[in-house]
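The values are calculated or read from the model by the stated rules, or taken from the named source; none is laboratory data. The model shown is predicted, which means the values in this text are computed figures rather than measured ones. The area values use the complete protein model at the heavy-atom level, side chains included, leaving out ligands, DNA and RNA. Shrake-Rupley method; radii C 1.70, N 1.55, O 1.52, S 1.80 Å.
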Amino acid sequence: MNYGFDWFYVEKSLPQLLDGLVLTIKLTVWANVIGLTLGFIIALGMLSGRRIFTVPLTIFIEFFRCTPALVQLIWFYFCLPMLLNVWWSGELTGTLALGFNLAAFNAEAYRASIQAIPSAHRDASVALGLNSWQRILYVVFPQSALMAAPVLMTNAIGIFQQSALLALISVEELMYQGKSISTQYFRPIETFTAVAIIYFMVSFPFSQIVSVIEKKTQRLLAN
């Protein structure tokens with residue numbers, strides 16, 4: 001192998017990569033806002049037992065869980081605007097696609113945690129005179145979010161990594177910037193190595209936080 005490594009152009013383009021990282025984090029945050037909120041609503045609908053809710057929600061969950069995220073992204077970007085005659089930016093389309101994908105996985109995490117809430121807690125909330133919305137807000141949501149936290153955070157890390165797919169629809173996030181720098185300076189090994197390191201430096205600390213939260217959650221629930 002006679003390849004000569006040269007990191008000069010990567011160092012020169014570091015501000016461009018950081019701009020891409022900022023956009024990646026921004027899109028990831030918004031996708032998580034959608035995924036966390038919509039996921040909980042879907043979980044409640046699935047647990048309602050009413051077919052008017054469970055049938056379409058099951059289709060939603062299975063579609064996003066059983067098809068590749070890349071296919072979902074391309075469908076949202078190219079097909080949905082044609083069907084609705086509405087043309088959205090790549091950032092908006094990508095955020096919605098990632099958010100809905102995340103919501104499908106989060107819904108299952110929420111549903112499992114809601115079902116694990118002791119029935120005595122629900123009985124106590126009824127005895128205290130709380131209405132349905134108050135029970136959801138003060139009893140169901142806090143406990144389900146706590147129990148599902150490790151899974152929700154793991155899913156959030158996954159969405160951060162999957163945001164690299166948005167480069168395919170010309171969203172100028174981290175992967176897109178890396179591809180542009182690689183093409184401009186013909187240094188693919190150095191550029192994509194730097195991109196991988198950046199993804200790792202963001203993801204790894206959060207994965208360690210997930211481990212800590214999971215252990216603390218297990219101890220808390222055990223008590």
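Quick notes on this structure:
- Separation of region 45-107 and region 148-223, taken as the distance between their Cα centroids, equals 21 angstrom.
- Using C-alpha pairs under 8 Å with a sequence gap of at least 6, the mean separation divided by the residue count of region 99-223 gives a relative contact order of 25 percent.
- 3J(HN,Hα) from dihedral phi, region 81-94, Karplus parametrisation 6.51/-1.76/1.60, rounded to Hz, x for glycine, proline: x, 5, 6, 9, 6, 10, 10, 10, 5, x, 5, 5, 4, x
- Within a straight-line Cα-Cα reach of under 23 Å, residue 26 can be paired with the following lysines, leaving aside sequence neighbours fewer than 8 residues apart in one chain: 179.
- Under the Debye formula (equal points on every Cα, no solvent term), log10 I(q)/I(0) of region 129-223 at q = 0.10, 0.12, 0.14, 0.22 Å⁻¹: -0.46, -0.58, -0.69, -1.05
- Take every Cα pair under 8 Å whose residues are at least 6 apart in sequence, average their separation, divide by the length of the chain, and the relative contact order is 30 percent.
- Taking the C-alpha atoms only, the angle from helix 188-222 to the longest principal axis of the chain is near 20 degrees.
- 1.4 Å probe accessible area per residue over region 171-212, in Å²: 53 Å²
- Stokes-Einstein D (µm²/s) once Rh is taken as the Kirkwood radius of region 35-124 over alpha-carbon pairs, at 10 °C in 1.306 mPa s: 111 µm²/s
- Cα long-axis angle, helix 174-185 against the chain (0 to 90 degrees, to the nearest 10): 10 degrees
- Option label - semi-axes √(5λ) of the Cα gyration tensor in Å computed here, alternatives [x] 30, 21, 16; [y] 39, 23, 12; [z] 29, 18, 17: [y]
- Heavy-atom accessible surface of region 1-116, averaged per residue, reaches 57 Å², computed with a 1.4 Å probe.
- Carbon and sulfur %, accessible surface of region 1-67 computed with the full protein complex present, 1.4 Å: 68 percent
- Accessible area of region 162-223 belonging to carbon and sulfur atoms, whole % at 1.4 Å probe: 66 percent
- The relative contact order of region 166-218 comes to 20 percent, based on Cα pairs under 8 Å that sit 6 or more residues apart.
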